[in-house]
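In what follows, a single structure is set out as structure tokens and then discussed.
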Amino acid sequence: MGTCGLIALAVAVLSVLLGERIVSLRKRALASRELVKNHLPNCVPLKNLNDGSEDITVFGDGLAFVSTGLKYPGIPSSDAPGKIFLLDLKHTLLRPTELRMPRNFDLETFNPHGISVYTDPTDGTVYLFVVNHPHLKSQVELFKFVEEEFSLLHLKTFKHKLLNSVNDIVALGVDRFYATNDHYFSHKLLQTIVEPILGQPWSNVVYYSAETVKVVSGGYYFANGINISPDKRYIYVADLLDHNVHVLERKEDNALVSVKSVAVGSLCDNIEVDPKTGDLWLGCHPNGWKVVKYDLKDPPGSEVISIQNIHSDEPVVTQVYADDGHVIIGSSVATTYGGKLIIGSVFHKALCCDLEQVETQIEYEEDFFESSDK
């Protein structure tokens, strides 16, 4: 075979391999999934949150922090700067209020992603951890919440080579946390093109403290949301591209040991945990291909899934809300308080709905993931 023949053969082989990887990526993105609407009553958009509400976390007696304005490669975003809002879920108006940021902090490059709250048990001081991507890099900011002034006081920035592509975080103390890296590489070209095509389970979970920083769990296709059980014994991680929520047991040295995984049938983003019941609430992307393609004539949908009794032999996975993108686009988080469901999105609006008791339990066939892209 001549040189031209060898080149033609190599091109053909590469084309076949690339085609196979694209087919595999479409399956992981649930590209052919069509969503059946499952709405809740009395859903209204929250004011002031028109540039996304990527993460929402409830703390104290019905207060919630909201991160907005995320700029993420491959995802639509506005030119509005990143902000943190406070939402009082006990107030009848449910009007988010923008928190004043400190003057010693670079607001122009503030690009907030996942958030987590730590409340000091000795004096009740509230600390807010924020994943920040200035210039599309990754670091974690620590703020002190000054409630009487509706402001945040910046205390510290955490950086480390192992915090290379942080998505979400769960705080354990004022200088300790677990964080998910949703990519293996830090370079954006490698993240957005090479990793999706290769489709390897290279992302991980990192433990950070003043004494040590280490990878404590790996093997994820896209480690996204992370949270902790009410008794602090277990960590939950959403693997967005594997359509699973992983349950990990904490050890004395803060290593994590896999206990089980629960299939959710969607690309689930952030995880919120009900402090009383231990139920998990997830904002999910029912069709990830539509998020990347982003056509307003066929917009990305939104889905909220709850998991009850996750530590039992038969966890109950329930679709609580579903929309085809004509009400809310790209839901990324869901949380509850006082009979209300709050749904946030990556770059769209946020909704508040009455939480209906009649919901749809998801049932899976053995060949669900194999057949979902056909």
Could you please let me know if residue 327 is at negative phi and in a strand (DSSP E or B)?
-> no
Give region 49-74 a look and list any residue that's within 18 Å of residue 110 (Cα to Cα) and either open to solvent by 40 Å² or more (accessible area, probe 1.4 Å) or not in a loop (DSSP other than H, G, I, E, B) (or both), or say none.
-> 50, 51, 55, 56, 65, 66, 67, 68, 71, 72
Under the condition of being over 15 Å from residue 169 (Cα atoms) and touching a Leu at 6+ places or on another chain (Cβ under 6 Å), which residue from region 50-67 is modelled with the highest pLDDT?
-> 64
The one condition residue 177 fails out of (1) open to solvent by less than 40 Å² (accessible area, probe 1.4 Å); (2) in contact with a Lys or Arg (Cβ under 9 Å, 6 or more places away or on another chain) is (2)
List the pairs whose first member sits in region 41-65 and is of a type in the set (Lys, Arg), whose second member is open to solvent by less than 10 Å² (accessible area, probe 1.4 Å), and whose Cβ atoms are under 9 Å apart, counting only residues at least 6 apart or on separate chains?
-> 47/96
Which numbered condition trips up residue 264, out of (1) farther than 18 Å from residue 114 by Cα; (2) open to solvent by 10 Å² or more (accessible area, probe 1.4 Å); (3) not charged (D, E, K, R)?
-> (2)
Every listed condition ((1) without any contact (Cβ under 8 Å) to a residue 24 or more places away in the chain; (2) more than 21 Å from the chain's Cα centre (by Cα); (3) not in a helix (DSSP H, G or I)) holds for residue 152 save (1)
Tally time: how many residues in region 274-316 are open to solvent by 10 Å² or more (accessible area, probe 1.4 Å), touching a strand residue (DSSP E or B) at 6+ places or on another chain (Cβ under 9 Å) and hydrophobic (A, V, I, L, M, F, W, C)?
-> 3
Taking region 192-246 and keeping residues in contact with a Lys or Arg (Cβ under 8 Å, 6 or more places away or on another chain), among the charged types (D, E, K, R) and open to solvent by less than 60 Å² (accessible area, probe 1.4 Å) leaves 242
Selection within region 96-131 - among the polar types (S, T, N, Q) and without any contact (Cβ under 8 Å) to a residue 24 or more places away in the chain = 122, 125
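Each row is one residue, and each column tells you yes or no for (1) closer than 17 Å to residue 280 by Cβ; (2) touching a residue at least 40 places away in the same chain (Cβ under 8 Å).
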{"residue": "160", "(1), (2)": "no, yes"}
{"residue": "172", "(1), (2)": "no, yes"}
{"residue": "192", "(1), (2)": "no, yes"}
{"residue": "210", "(1), (2)": "no, no"}
{"residue": "222", "(1), (2)": "no, yes"}
{"residue": "226", "(1), (2)": "yes, yes"}
{"residue": "254", "(1), (2)": "no, yes"}
{"residue": "257", "(1), (2)": "no, no"}
Take region 82-109 and flag every residue that is within 19 Å of residue 42 (Cβ to Cβ) and open to solvent by 20 Å² or more (accessible area, probe 1.4 Å).
-> 88, 89, 90, 91, 92, 93, 94, 95
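The values are calculated or read from the model by the stated rules, or taken from the named source; none is laboratory data. Everything quoted here is computed from the prediction, not taken from an experiment. Don't worry about glycine lacking a Cβ; one is built from the backbone with ideal geometry, like all the others, and counts go over all protein chains shown. Each accessible area value is taken on the protein alone, full model and side chains, heavy atoms only, with ligands, DNA and RNA left out. Shrake-Rupley method; radii C 1.70, N 1.55, O 1.52, S 1.80 Å.
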